[in-house]
Amino acid sequence: MYNKSNYKNLLLELSHLKGVGKKTVNLLKKKKIYNIFDLLWKLPKSYTDRSFSTKIKDLRIGVEQTVNIVPKKYNFPRIRNLPNRVLCTDETGEIDCVFFNSYEGYIKKILPLGKEITISGKIGIFRNKYQITNPKYLSEDASIIKQKHNKYSLTEGISEKLYNKIINQIIDKLPILEEWHSKNIIEKFDNISWNDSIKELHKSENIGKYRKNFYQRLAFDEIFSTFLVNSEIRKKIKKIKKEKKVINLRQQDKIIGDLNFELTDDQNKSLNEINNDLKSSTKMFRLLQGDVGSGKTIVSLLSAINTINSGFQVAMMAPTEILAKQHYKLAKNIFPSEIKIELISGKSEYKKKKDIINRLSLKEIDILFGTHALFQKNIIFNKLGLIIIDEQHKFGVNQRKKLSDKGGDNCDILLMTATPIPRTLTMTIYGDMDLSIIREKPKNRKAVKTYSKLESKVDDVIKFVKKEIELNNQVFWVCPLIEKSKKIDHASAVKKFDFLKKIFPNKVSLLHGKTDVDEKEKILNKFLQNEIKILVSTTIIEVGIDFPNANIIIIENANKFGLSQLHQLRGRVGRGNKDSSCILLFKSNLSENAKKRINILKNSDDGFIISEEDMKIRGFGDILGFKQSGIKNFKLADPIHNEDLFILAEKEIKRLEKSNKDLSKFKPLIKLYDRADIINDIA
Ligand code: ADP
Ligand code: MG
C-alpha cells in the first residue's frame, strides 16, 4: 500500500505512474531516468504562462495565449487534406479551431456546441480570421489550463503536456520524509524540509534560483550523502589493525644524500606523513597528490625502502609497461644492491614469470614493479606490506575499496595522482583517503614558456624546431586525431608525420592509438635514448614517463583541449634545467573567452590554480575525464559555486565521526542518493 512517509516510493519504477506506458519508460531509460527519484532532477528550463485569458479581439498572432470560447458551428469538409474546423466565438470576435487528423466524433466531444471551453495555444491567422491549430490545451475546466506550464528540455517522443502531467503527479504524491539532518544544519536552510524543497525546485517562478534555501538544502543533501559514504569507508579502513612497521631511516637518508638534488619541503613533509602511517598500527590508505613533475616517484620509492627494511615486500603498479620499467630502473639505480628488485611485464617469458612468482612466494624479491598484471591471482606475495599505485586518478571508490582489501590487513596503500583538482572535488572523490599534497615544484625547475600561434605560421615553428634540434633538444608534436575526419577538421597526425619527416629525415617518429604495444615501446625507448628528435603523437603520450631531454611541446588545435589537459601535456617537458617551451597552435584567431583561458595557462604553472580557473569558465562537468570513471556527477551541487556547502558538509561529518552517533536516520538519504552500493552497514 502507498505509505506517505516511505522513501521507497521514490525508488519505484516509472511504470507506476499514470500515463506512463512502456514507450515512455523506454524513452526515459535512454536518458538514464529509471525511477521516480531520477525524474525529480529533471528541472524545468522555462515556462509558458497560460494563466491569463485574452479576448479574441486582443489576440496577438504567433503568441501562446489562452482564450475562453464557445463552439458555434462545425465545418467538416470530408475532402482529403482539408482540415476539420470549428467556428468559435466570444463576445468580441471569432476564431477557428482547426484539426488535422482528428475524427469528427472526437471533435464534437471535446468542443460541444454552446458550451464554454478554455483553450490555449499559439494563435495563427488564415484568410483574415484567427485560428488555433490542434490546440494542445483544451478543457471545460479552466483551472487545469490557467497555470504556468513548465518547459523541460524534452525527451524526444514525450510531449510537454505529458511531461508536466508526470512531474505534477510525482510532486503531488511526494512522500513526507523524516528530517535526517541535525537542527543546527537545517536552520542554515531556514528549516525547509526535503519535501518542500523539491516542490519549490519545480515551481516555474523558481527556475534558476540557485542561492535560495531550497536549492542549497538539496545541493547540501547531495554533498553530504557522498561525504557520509566516504566517511563510512574510511572508518572501516581505520578499524583494520595491522602489524606496525619498524622503520630505520638510515638507508632512506643515505639514498636522499646520494641524490643529485634536494627534496622539496613538500616532498619531505609527504614522506614523513607516509612514514608515520607505516609505523602506526592502522592501515594506511593515503593519496599522494602533486602536479606533473612535482617528484612523487622518489617519495614513494623512499617509503618503499622503509617498508622493505622493516621486513615486508612492496608492489608498485604503473598504468603502462614503459612507466613501470622507468620506475624499476630508477629503483635499481638508487636502492642499495642487496635489495632484490624485479619487473614483471605482460611480455615476460613464461619461464621468467614462473621464476618471479616462485621467488616472490619465498620472499626472495623485495619489490616488484609492473602494470595491473601485478594483481593477477597467481601472483602471491610472501609478506606484502605496501602497494603503491601510480597515476590512477580514474579509480573509482569501489575499485579503491577492493584494492584496500587486497594484500591483506598488513598491507598499506599509497595512491599517486597528478590530477590537480580543487579541494572540494578532492574531498568528494578521495574523501575516503588521507591526503598528502606536493604543491611546491623542485627548485631547479624553470617555468615552461607558453606561446600561442596561428597554424598558418607553422613555418616559424619549423624554424624554431630546427634550431632546438641543432642544440640536441627534443620535441613533442601533439595532434588531436589519427586520421582526418570529414566531419571535424582535426589535424591529422599521420599527415603531420609525413610532412615533418620530409623536413627532418630520420629524426621523426609517429605514435598513435593504433600503434601496437611493442612498437610503441620501441618508439618511446628510441625517444628516451635521444635517437629520434621529434615524436609526433596523438594525446596518448604516456602519463608519468619522464623525458628529461624533451623541452619543446607543440600542441595543434589547442582549443580542442581543456586547460588542465593542456597543462598536463605541457608537463611532459621542462623536467631538466633547460629552457623549455610549449607552443599552442590555433586554426583561427582566438575569441575573447578563449584568450582569457589561454592567458591563465600562460601566467601560471600551478595545476591546481589552472584547473580551478578552468572550472570557473567551463564548469566542472568533465574537465578531467571523471565522467568516464564511473564517479557520479552531482545533480545540483557545484564544486566551484557551492564551496561553502562542501565545507559545511565536511564539518558536519567530522562532528558526526566524533560523536559516534547512530547513523540509521540517514538511511533514506543514502539509499535515495544511491551512494550506498559501496557500503552495506548503514542500510
Ligand atoms: P611526478 O610527480 O610527475 O611523478 P617525477 O617523480 O617523475 O614527477 O619527477 C619528475 C622529475 O623531477 C624526475 O626527473 C625527478 O628525478 C625530478 N625530481 C624529483 N624531485 C626533485 C627535486 N626535489 N629537485 C629536483 N628534481 C627533482
Ligand atoms: Mg609520476
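The values are calculated or read from the model by the stated rules, or taken from the named source; none is laboratory data. Computed from a prediction, not measured in an experiment: that's the story for all the values here. Every residue, glycine as well, gets a Cβ built from its backbone with ideal geometry; the counts of neighbours run over all protein chains shown. The accessibility values were calculated without ligands, DNA or RNA, using every heavy atom of the protein model including side chains. Shrake-Rupley method; radii C 1.70, N 1.55, O 1.52, S 1.80 Å.
A few comments on the model shown:
- Considering segment 523-555, the residues that are at pLDDT below 90 and among the small types (Gly, Ala, Ser) include one that is nearest to ligand 1 (Cβ to nearest atom), namely 544.
- Residue check for residue 286: among the basic types (Lys, Arg) and buried (at least 16 other Cβ atoms within 10 Å of the Cβ): yes
Here's the yes/no breakdown for (1) of a type in the set (D, E, K, R); (2) touching a residue at least 12 places away in the same chain (Cβ under 8 Å); (3) not in a helix (DSSP H, G or I):
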site: 294; (1), (2), (3): no, yes, yes
site: 297; (1), (2), (3): no, yes, no
site: 329; (1), (2), (3): yes, no, no
site: 353; (1), (2), (3): yes, no, no
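- Residue match in segment 75-87 (condition: aromatic (Phe, Trp, Tyr), outside the structural domain of residue 202 (by TED's automatic domain parsing) and not in a loop (DSSP other than H, G, I, E, B)): no
- Within segment 407-452, considering residues that are within 30 Å of residue 239 (Cβ to Cβ) and of a type in the set (Gly, Ala, Ser), the one farthest from ligand 2 (Cβ to nearest atom): 408
- Across segment 22-51, the number of residues qualifying as surrounded by fewer than 11 Cβ atoms within 10 Å (Cβ to Cβ) and in contact with a helix residue (DSSP H, G or I) (Cβ under 9 Å, 6 or more places away or on another chain) comes to 2.
- Top-ranked residue of segment 312-327 - restricted to ones that are in a loop (DSSP other than H, G, I, E, B) and open to solvent by less than 20 Å² (accessible area, probe 1.4 Å), ranked as nearest to residue 385 (Cα to Cα): 312
- Single residue of segment 246-259 satisfying the filter (among the aliphatic types (A, V, I, L, M) and within 25 Å of residue 332 (Cβ to Cβ)) that is farthest from ligand 1 (Cβ to nearest atom): 247
- Matching residues, segment 260-282, being within 11 Å of ligand 1 (Cβ to nearest atom), polar (S, T, N, Q) and open to solvent by 40 Å² or more (accessible area, probe 1.4 Å): 260, 268
- Test: residue in segment 599-607 that is of a type outside the set (S, T, N, Q) and in contact with a Pro (Cβ under 6 Å, 6 or more places away or on another chain): yes
- Subset tally (residues that are modelled with pLDDT under 95 and surrounded by 15 or more Cβ atoms within 10 Å (Cβ to Cβ)) for segment 328-354: 4
- Leading residue by the ranking (nearest to residue 664 (Cα to Cα)) among those in segment 175-192 that are in contact (Cβ under 8 Å) with a residue 40 or more places away in the chain and among the hydrophobic types (A, V, I, L, M, F, W, C): 180
- No other residue among 289, 267 is in contact with a strand residue (DSSP E or B) (Cβ under 9 Å, 6 or more places away or on another chain), in contact (Cβ under 8 Å) with a residue 40 or more places away in the chain and assigned to a strand (DSSP E or B) apart from 289.
One line per residue, one yes/no per condition, for (1) of a type outside the set (Ser, Thr, Tyr); (2) in the same structural domain as residue 11 (by TED's automatic domain parsing); (3) under 30 Å from residue 409 (Cα atoms):
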| position | (1), (2), (3) |
| --- | --- |
| 172 | yes, yes, no |
| 186 | yes, no, no |
| 207 | yes, no, no |
| 224 | yes, no, yes |
| 233 | yes, no, yes |
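- Scanning segment 240-289 for residues that are of a type in the set (S, T, N, Q) and more than 17 Å from residue 443 (Cβ to Cβ) turns up 248, 251, 252, 272, 275, 276, 280, 281, 282, 289.
- Identity of the residue in segment 1-51, in a loop (DSSP other than H, G, I, E, B) and among the β-branched types (Val, Ile, Thr), that ends up nearest to residue 197 (Cα to Cα): 33
- Tallying residues that are surrounded by fewer than 20 Cβ atoms within 10 Å (Cβ to Cβ) and away from ligand 1 (no atom under 16 Å from the Cβ) within segment 423-449 yields 3.
- Among the residues of segment 87-118, those that are closer than 14 Å to residue 77 by Cβ and surrounded by 13 or more Cβ atoms within 10 Å (Cβ to Cβ) comprise 87, 96, 98, 99, 102, 107.
- Criterion: assigned by TED's automatic domain parsing to the domain that holds residue 330, closer than 21 Å to residue 412 by Cβ, of a type in the set (Val, Ile, Thr) and modelled with pLDDT under 90 - qualifying residue of 379, 367: 379
- Candidate set from segment 283-327 (those that are within 9 Å of ligand 1 (Cβ to nearest atom) and among the charged types (D, E, K, R)); member that is modelled with the lowest pLDDT: 291
Results for (1) at pLDDT 95 or above; (2) of a type in the set (Lys, Arg); (3) in contact with a strand residue (DSSP E or B) (Cβ under 7 Å, 6 or more places away or on another chain), shown as yes or no for each residue.
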site: 31; (1), (2), (3): no, yes, no
site: 35; (1), (2), (3): no, no, yes
site: 44; (1), (2), (3): no, no, yes
site: 81; (1), (2), (3): no, no, no
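- Of all residues making up segment 558-602, the number that are among the aliphatic types (A, V, I, L, M) and open to solvent by 20 Å² or more (accessible area, probe 1.4 Å): 3
- If you go through segment 270-279 and keep only what is touching a residue at least 24 places away in the same chain (Cβ under 8 Å) and either charged (D, E, K, R) or out of contact with any helix residue (DSSP H, G or I) (no Cβ under 7 Å at 6 or more places or on another chain) (or both), you end up with 273, 277, 279.
- Pairs, first in the same structural domain as residue 432 (by TED's automatic domain parsing) and of a type in the set (Val, Ile, Thr) in segment 604-631, second surrounded by fewer than 19 Cβ atoms within 10 Å (Cβ to Cβ) and modelled with pLDDT under 70, C-beta under 6 Å, six or more apart: none
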